[in-house]
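Accompanying notes for the structure given below.
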Amino acid sequence: MTVFVCEDSLESMLTCIYDAWYSRLGHDNVRLQVAPVEQLNMFDRYVHVEADINKAMAVADAVNVKISPAFYSEVVFALGANEPDALDTVYRVLVLGFRLGAGVLDAYGFNAVARFKAIRIRFGREVSSFIEFARFNRLGDVFVSHIEPKSRVLLPVCEHFSDRMPSEYWIIIDDVHREAAVHPINSRYYIRKISDEEFERLRTTEDYEDSFTAMWRAYFEHIAIEERNNPACQLNHFAKWKRKHVTEFI
Amino acid sequence: MERAVINNRLENNIFSQMRLETSEDHKLIVPERALDRDLRRPFAPAGMSTQMIVGATQDSDLELITVSEQLYKNFDLKRVFFSAYVPLNEDAALPAKGSAVPLLREHRLYQADWLLRYYGFSASELLSPERPNFNEAIDPKCDWAVRHLDVFPVEVNTAPADVLIRVPGIGPKSLERIFRARRYGGLTFDALKKMGVVLKRARYFITCGGKMMDRIPIEERFIVNRLTDVDRREVYNFSDRTTYRQMSIFDYGLEAAGR
């Protein structure tokens with residue numbers, strides 16, 4: 001078994017798929033993994049893959065043209081999920097997809113497809129929880145929000161807010177993956193990597209409290225109905241790791 | 001104004017339909033002036049919703065869901081919300097302060113509400129005048145299924161949608177997945193589990209390729225026992241609100257030591 005190892009970014013994951021595919025070792029003889037590899041197997045050969053934009057684009061184009069654009073977006077979302085086997089599962093699904101077409105995502109009989117769907121659903125749930133629980137803080141004209149998701153949910157979260165608040169300046173910062181989505185007023189948002197220095201500066205925005213912070217906290221305290229207090233249910237809907245930057249829980 | 005005149009005027013009135021269902025209690029709740037208004041006015045385009053307070057009056061579940069069903073059918077309501085009555089004030093006509101809040105009943109009503117809106121059930125199928133309240137031990141869909149064991153078990157690979165949606169453990173989403181997956185070959189219990197079918201409920205009502213998951217008797221009492229066991233934890237969470245905690249030395253130990 002040959003294991004192709006790559007970095008945790010879309011570009012390098014797609015490159016990894018390209019290299020594994022064209023290694024001509026046979027699909028059953030390769031495995032794909034995202035670095036860091038925690039435990040090495042004795043008889044496996046490990047190949048480190050460097051990101052290459054041309055190879056990544058080749059994979060993206062092939063999926064878009066030969067399978068379907070919808071399939072590609074599913075693949076991108078699944079690759080963003082925080083699951084150890086996401087990359088390898090996507091590879092297996094792509095093998096099936098190129099052979100059988102876009103409809104293969106409905107065929108739960110294939111183990112790879114079933115696993116892919118499970119990953120995709122978990123990702124979707126994480127996205128919706130961060131859409132619900134992104135809390136913005138007003139700094140001058142700009143709304144700033146910090147989130148700490150496990151998966152790369154920034155893109156779908158921004159899609160939601162660009163539709164919701166098109167005429168505001170806002171910025172959503174993913175503290176885990178060090179990415180920020182910046183939305184200028186009345187125009188398209190963009191996502192960019194942030195450097196350590198920028199990250200430190202952006203972190204200071206959290207010390208600031210706008211005029212609504214105290215009001216929102218007071219509202220949250222007093223709206224609760226004693227008889228309906230159900231902490232277990234609350235934890236089910238809103239896990240503690242998601243609460244890090246949520247105003248009412250700080 | 002005479003009652004008959006009012007009733008005449010209210011022929012198509014929302015409250016009059018409620019009045020058909022229940023007689024005495026609504027006189028308490030519906031103010032007289034509300035009866036004079038014609039409520040068949042155009043409804044808000046985004047959809048209307050309403051809220052029913054559960055447990056403040058003697059209404060049975062059958063009355064509540066029949067009214068909800070009529071509201072959905074005749075008035076295109078988006079949602080009917082149910083809210084367990086929490087006593088805050090002293091009033092002779094209302095439950096006393098400190099009486100238990102019927103949270104489990106509210107939960108069962110919401111489950112039934114979903115059955116009305118997404119599963120094609122009607123209120124009269126779920127409850128009847130002989131059994132006007134929901135079984136607290138198992139959910140309304142399981143309750144319906146065990147009373148209609150002549151329909152079950154159904155074959156997942158061939159059954160039509162309106163039959164499959166009535167199987168406990170299969171919802172609209174897993175139904176859609178089953179139908180998509182059926183085009184690619186036969187389904188197994190393993191595949192159903194991965195699709196999100198809740199097999200701990202569905203296993204008593206379905207076959208895959210002609211076989212049930214376990215060898216079990218298709219018998220009401222047996223299945224009810226098993227399903228009650230599945231729901232036990234949920235029911236307990238709703239009905240038992242005591243919070244037990246570890247005894248602490250400070251509870252009385254320190255005081256005793258000080259004396």
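Of note:
- Applying the criterion of at least 2 residues that are buried (at least 17 other Cβ atoms within 10 Å of the Cβ) and more than 10 Å from chain A (Cβ to nearest Cβ) to the helices (runs of 4 or more DSSP H) found wholly in the range B:166-226 leaves B:172-182, B:199-202.
- Some residue of the range A:59-79 being of a type outside the set (D, E, K, R), in contact with a Pro (Cβ under 9 Å, 6 or more places away or on another chain), part of a helix (DSSP H, G or I) and crowded, with 18+ Cβ neighbours inside 10 Å: yes
- Test: residue in the range A:56-68 that is free of Cβ contacts under 8 Å to residues at least 24 places away in the same chain, away from chain B (no Cβ under 14 Å), more than 16 Å from A:S9 (Cα to Cα) and within 19 Å of the chain's Cα centre (by Cα): no
- Residue match in the range A:129-139 (condition: assigned to a loop (DSSP other than H, G, I, E, B), touching a residue at least 40 places away in the same chain (Cβ under 8 Å) and farther than 20 Å from A:G80 by Cα): yes
- Picking from residues in the range A:230-250 that are of a type outside the set (S, T, Y) and in contact with a strand residue (DSSP E or B) (Cβ under 9 Å, 6 or more places away or on another chain), the one that is nearest to A:I131 (Cα to Cα) is A:K242.
- Against the test of being closer than 17 Å to A:S151 by Cβ, in contact with a Phe, Trp or Tyr (Cβ under 6 Å, 6 or more places away or on another chain) and hydrophobic (A, V, I, L, M, F, W, C), the options A:A86, A:A81, A:A102, A:A114 yield a single qualifying residue, A:A81.
- All positions within the range A:149-165 that are in a loop (DSSP other than H, G, I, E, B) and either touching a His at 6+ places or on another chain (Cβ under 8 Å) or crowded, with 18+ Cβ neighbours inside 10 Å (or both): A:P149, A:S151, A:R152, A:V153, A:M165
- Pairs meeting the criteria (first residue in the range A:209-237 and farther than 22 Å from B:P87 by Cα and away from chain B (no Cβ under 12 Å), second residue β-branched (V, I, T) and in a helix (DSSP H, G or I), beta carbons under 8 Å, at least 6 apart or on different chains) are A:T213/A:T247; A:W216/A:T247; A:R217/A:T247.
- If the condition is being surrounded by 13 or more Cβ atoms within 10 Å (Cβ to Cβ) and in a loop (DSSP other than H, G, I, E, B), then the range B:111-131 contributes B:Y119, B:F121, B:L127.
- When B:Q70 is tested against the conditions (1) in a helix (DSSP H, G or I); (2) in contact with a strand residue (DSSP E or B) (Cβ under 7 Å, 6 or more places away or on another chain), the lone failure is (2).
- Consider the range A:80-101 and keep the residues that are assigned to a helix (DSSP H, G or I) and within 12 Å of another protein chain (Cβ to nearest Cβ). The one that is modelled with the lowest pLDDT is A:L100.
- Just one of the listed residues (A:R99, A:R120) is free of Cβ contacts under 8 Å to residues at least 60 places away in the same chain and surrounded by 16 or more Cβ atoms within 10 Å (Cβ to Cβ), namely A:R120.
- Here is the figure for the range A:182-218: residues that are closer than 24 Å to A:F249 by Cα and in contact with a Cys (Cβ under 9 Å, 6 or more places away or on another chain) total 0.
- Scope the range A:84-95; condition touching a helix residue (DSSP H, G or I) at 6+ places or on another chain (Cβ under 6 Å) and surrounded by fewer than 18 Cβ atoms within 10 Å (Cβ to Cβ); matching residues: A:V95
- Test: residue in the range B:67-77 that is at pLDDT 90 or above and either within 12 Å of chain A (Cβ to nearest Cβ) or touching a Phe, Trp or Tyr at 6+ places or on another chain (Cβ under 8 Å) (or both): no
- A:A114 being closer than 26 Å to B:N157 by Cβ, within 14 Å of chain B (Cβ to nearest Cβ) and in contact with an Asp or Glu (Cβ under 9 Å, 6 or more places away or on another chain): yes
- Answer residue from the range B:154-165, given it is part of a loop (DSSP other than H, G, I, E, B) and surrounded by fewer than 21 Cβ atoms within 10 Å (Cβ to Cβ) and is nearest to the chain's Cα centre (by Cα) among those: B:I165
- Subset of the range A:170-209 [among the aromatic types (F, W, Y) and not in a loop (DSSP other than H, G, I, E, B)]: A:W170, A:Y190, A:F199
- Selection count where residues are part of a loop (DSSP other than H, G, I, E, B) and under 11 Å from the mean Cα position of the chain (by Cα), scope the range B:132-148: 6
Rundown of residues vs (1) free of Cβ contacts under 8 Å to residues at least 12 places away in the same chain; (2) outside any helix (DSSP H, G or I); (3) within 21 Å of the chain's Cα centre (by Cα), yes/no style:
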| residue | (1), (2), (3) |
| --- | --- |
| A:E11 | no, no, yes |
| A:C16 | no, no, yes |
| A:L25 | no, yes, no |
| A:D28 | yes, no, no |
| A:Q33 | no, yes, yes |
| A:N41 | no, yes, no |
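- Here B:A100, B:A96 are screened, and the one residue that is surrounded by fewer than 20 Cβ atoms within 10 Å (Cβ to Cβ), closer than 21 Å to B:E234 by Cα and over 17 Å from the mean Cα position of the chain (by Cα) is B:A100.
- From B:N89, B:N157, residue being within 14 Å of another protein chain (Cβ to nearest Cβ) and at pLDDT below 95: B:N157
- Hits in the range A:102-117 - residues which are part of a helix (DSSP H, G or I) and without any contact (Cβ under 8 Å) to a residue 24 or more places away in the chain: A:G103, A:V104, A:D106, A:N111, A:A112, A:V113, A:A114, A:K117
The values are calculated or read from the model by the stated rules, or taken from the named source; none is laboratory data. The model shown is predicted, which means the values in this text are computed figures rather than measured ones. For neighbour counting, all protein chains shown are included, and Cβ atoms are generated from backbone atoms with ideal geometry for every residue, glycine included.
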